[in-house]
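Written out below as structure tokens is the structure these notes cover.
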Amino acid sequence: MSAVLSLAWKSLMNRKGSVILTLVAVALSVALFLGVDKARTGAREGFGNTISGTDLIVGAPTGSVNLLLYSVFRMGNATAEVSWPTYQKIADRPDVAWTVPISLGDSHRGFRVLGTTNDYFVHYKYGRRQPLKLAEGAEFSDLFDAVIGADVARELGYEIGTPLVLSHGLGAASLGAGHENRPFRVVGILAPTGTPVDRTVHVSLEAITAIHVGWETGAKNPLADTINEKMIRSFDLTPKTITAFFVGLERKGTILTTRRAINTNKGEPLMAIIPGEALAELWSVTAFAERALMAVSVFVIAVGLVSILTSILTSLNERRREMSILRAVGARPGHIFSLLVLEAGLVGFLGAVVGILLIHAILLVAGPMVEARYGVSLAGTGPGLTDLYTLLAVTLASLLIGMVPAWAAFRRSLADGLSVKV
Amino acid sequence: MTDLAIQIDGLRFAWKGNAPVLDVPAFTLARGERLFLRGPSGSGKSTLLGVIAGVLEADAGKVSVLGQDLASLSSSARDRMRADHLGVIFQMFNLVPYLSVVGNVTLPLKFSAARRKAVGGDAEAEAKRLLGRLGLTDEALLERRVSDLSVGQQQRVAAARALIGAPEIVIADEPTSALDADARDRFITLLSEEAARTGAALLFVSHDASLARLFDRAVDLAEINRAGVKA
Ligand SMILES: Nc1ncnc2c1ncn2[C@@H]1O[C@H](COP(=O)(O)OP(=O)(O)OP(=O)(O)O)[C@@H](O)[C@H]1O
Ligand SMILES: [Mg+2]
């Protein structure tokens, strides 16, 4: 066998040009497959890590995925709000340890603005219950203070002290009707989290109320600009409504009863969701696309393997003479068969190895950039079992595929005997 | 042990669906004998060699190689018989393109333990010795790709390959048809000498009757083959 293996190797070396092309095809297909798989795993992990430590998210009744999307992912809109007294009532329940109210609806140059309290920085956790950390500055202390996420700071080039104005609604640009008469000031910049927090501008709940003085009808009252900052500061800025709130319980064991109690709240209807459940539901929506992507990359590998097949099959005719020489010097038909199977296997194996090295090189270089930019962590996906299984599967598949030309050559070497005329 | 290298009794062979090519009542080649087998193109010379080499199976009759009836052997035993006891030289394109000169010469040793043993330790040295005997001494030439060698050089490499490990029989199927008269005679002389040294029987096949003078014995295929010449 080792004699045939060295023959297979030398034969491949002799056809380096076409072999390298085939090898590259296999390598690229394997790299693509593993890349998709790693992005998928990373995305799933990053996704599941968006929020942790929060037991319930409560908002006005809507779909649970929708509530999760707008409260955690800053996507879509709340259809209704929760009144402040109702929020207070839930917050005062004995089984509730803490609550963090949030208020959404404004934006700053394409980034969502989240009104909340300083408790947000204490209780909102992500990943493995990591709290938010300030990279610079402090939480808000004054009415018009803003704490911005890492992406906001990086993309807009903001620093501590940079003034900013919010715009009403979610327009990508700060054009049109805005809150330019109520400028904010950056007082804190959060460390990157890889979650939507990075793309959020945080202000106090009172600030949200303050900038909407004069907007009670939903549009700007022409008199709004006549109310100066001093007057605003003298108002009672307790919000009338909030968008949703996060809840932490005294005891995890009561989570289902508490949720039922909130869902059946007398008076204003509410909906409470368990983040993990809603995340799983949301993920199952994307799982279809994910599976489709995996299927496509499996097909790409199949194409790579077929290129091994074609390259060997097309070489077979010109190698007919070689086969009868080998037979003449004593090679048995089995040797001819294993020669071609091994050639296919070698190309598949080497192609897969190159593909694995390639994808890890790419991850090493691009991983940190992807993580910083999209919050998808690819770092935890170093060489692992998936790579090993892929290597084994591709090698095995190419050995199997090699049996097709091997069988053809085997049959022909029996029929040709020593009398091949070239 | 018989002193016959090859013994044929009542051999018949036909390619599938065709008229018989070979009908040979009797033919022998003694050990160490150097025989010239002449026959016109298409007369069945290559076919006969294929039968002797155990690659083609006779339809009837008995073909014994070194006393072994080929029909009694399994196809893998016939393959082993060929690997251990037979050296083969073709008309042209004898060499495996991706192996070096020395790699081509030592190729039979990969498939035969018996010939490995006959060579002893250093296969490469033995290959070079044989190549040297056949007039290929230039080290630079040995490093060249085999496809870059001249046809005459290629045939000498093939001869060295047929001789390595001292097989009992060397069969050569028109190995000189692409050589000029000078090179052809030189090649045959060298091949005969080396065969004589290792004690191999040489069965040399060609359509060129003028070569007969270089051998111990000459046979016309038409004399031994009743299937007759069509070409
Ligand atoms: N693989 C084959 N299948 C069918 N018929 C074959 C095959 N090989 C040879 N033949 C036929 O067998 C006959 C003998 O062919 P063979 O090759 O043995 O002749 P040859 O004496 O070696 O001729 P040449 O001197 O041209 O090499 C020819 O009629 C040829 O057409
Ligand atoms: Mg012939």
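Values in this text are rule-based calculations from the coordinates and carry no lab data. Model, not experiment: these values are computed from the prediction. Backbone-built Cβ (ideal geometry, glycine too); neighbour counts: all protein chains shown.
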Give me a single rounded figure for B:88-98: the average over its residues of other chain Cβ atoms within 10 Å of their Cβ. 6
On a 0 to 90° scale, report how tilted helix A:16-48 is relative to the longest principal axis of chain A, with both axes built from alpha carbons and the result rounded to the nearest 10. 30
Taking amide hydrogens as modeled 1.01 Å from N in the peptide plane, which residues meet the under 5 Å criterion relative to B:Ala218, leaving out close sequence neighbours? B:Phe36
Contact order relative to length for chain A, counting C-alpha pairs under 8 Å separated by 6 or more residues, stands in percent at 26
Below 8 Å, C-alpha to C-alpha, sequence gap of six or more: please give me the relative contact order for chain B in percent. 32
With the Cα gyration tensor of the protein assembly as shown in hand, convert its eigenvalues to equivalent ellipsoid semi-axes via √(5λ) and list them largest first in whole Å. 90, 23, 19
Taking chain A as the reference, fit the longest principal axis to its C-alpha atoms, fit the long axis of helix A:333-374 to the helix C-alpha atoms, and give the angle between the two in degrees, 0 to 90, nearest 10. 20
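For the stretch A:75-207, count the residues as N, evaluate 2.2 N^0.38 Å, and divide the Cα radius of gyration by that value, please.
Cα-based Rg divided by the globular estimate yields 1.05.
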What do you get for the angle between helix A:2-14 and the principal long axis of chain A? Use alpha-carbon atoms, 0 to 90 degrees, nearest ten. 70
Which one of A:Leu388, A:Val100, A:Ser315 has its Cα pushed farthest toward the positive end of the charge dipole of chain A, where Lys and Arg give +1 and Asp and Glu give -1 at the Cβ? A:Ser315
Most exposed first, judged by fewest Cβ atoms within 10 angstrom, A:Met403, A:Met13, B:Met81 run A:Met13, A:Met403, B:Met81
Quote the charge dipole size of the stretch B:87-216 about the Cα centre in Debye, to the nearest 20; the model charges only the Cβ of Lys and Arg (+1) and of Asp and Glu (-1). 400
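Cut-off is 10 Å between beta-carbons; in what order do B:Ser206, B:Ser41, A:Ser315 appear when sorted fewest neighbours first?
By the 10 Å Cβ count, ascending, the order reads B:Ser41, A:Ser315, B:Ser206.
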Calculate the spin-label point distance for A:Ala3 paired with B:Ala19, positioning each point 7 Å from the Cα along the beta-carbon direction, and give it in nanometres. 4.2
How charged is the neighbourhood of B:Asp220? Take every other residue with its Cβ under 14 Å from the Cβ of B:Asp220, and add Lys/Arg as +1 and Asp/Glu as -1. +2
Have a look at A:Ala150, A:Ala135, A:Gly253 and report the one farthest towards the positive end of the charge dipole of the stretch A:56-273, computed about the Cα centre with Cβ charges (Lys/Arg +1, Asp/Glu -1). A:Gly253
Residue-count net charge about B:Arg38 - beta-carbon cut-off 9 Å; Lys, Arg +1, Asp, Glu -1: -1
Going by how many other Cβ atoms sit within 10 Å of their own, how do A:Thr310, A:Thr116, A:Thr254 line up, fewest first? A:Thr310, A:Thr254, A:Thr116
Local charge sum around B:Asp79 (other residues, Cβ-Cβ under 10 Å, Lys/Arg +1, Asp/Glu -1)? +4
Take the Cβ-Cβ distance between B:Arg226 and A:Val298 as r, set R0 to 45 Å, and report the resulting FRET efficiency rounded to the nearest 0.05. 0.10
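Given charges of +1 on the Cβ of Lys and Arg and -1 on the Cβ of Asp and Glu, with all other atoms neutral, how large is the dipole of the protein assembly as shown about its Cα centre, in debye to the nearest 20?
1480
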Whole-angstrom gap from the stretch B:138-195 to the stretch B:21-43, using each part's C-alpha centre: 21
To the nearest 500 deg cm²/dmol, what mean residue ellipticity at 222 nm is calculated for chain A from DSSP H runs of n ≥ 4 alone, each contributing -39,500 (n - 2.57), summed and divided by the residues? -17500 deg cm²/dmol
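Please return the longest range in chain A lying between exposed loop sites, taking GluC sites (Glu not before Pro), DSSP loop only, at most 14 other beta-carbon atoms within 10 Å, and leaving the sites out.
A:1-158
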Which whole-angstrom value gives the distance between the alpha carbon centres of the stretch A:36-71 and the stretch A:250-265? 20
Given +1 on the Cβ of Lys and Arg, -1 on the Cβ of Asp and Glu, and no further charges, what dipole in debye does the stretch A:56-273 carry about its Cα centre, rounded to the nearest 20? 780
Ranked by how many other beta carbons lie within 10 Å on average, peptides B:121-131, B:9-19 from highest: B:121-131, B:9-19
Roughly what % antiparallel, to the nearest 5, for the DSSP beta bridges in the protein assembly as shown? 65
Inter-chain shielding of A:321-327 (mean C-beta neighbours from other protein chains, 10 Å cut-off): 6
Of A:Pro163, A:Asn228, A:Phe349, whose Cα points farthest to the positive end of the dipole of chain A (charges on the beta-carbon: +1 Lys, Arg; -1 Asp, Glu; origin at the Cα centre)? A:Phe349
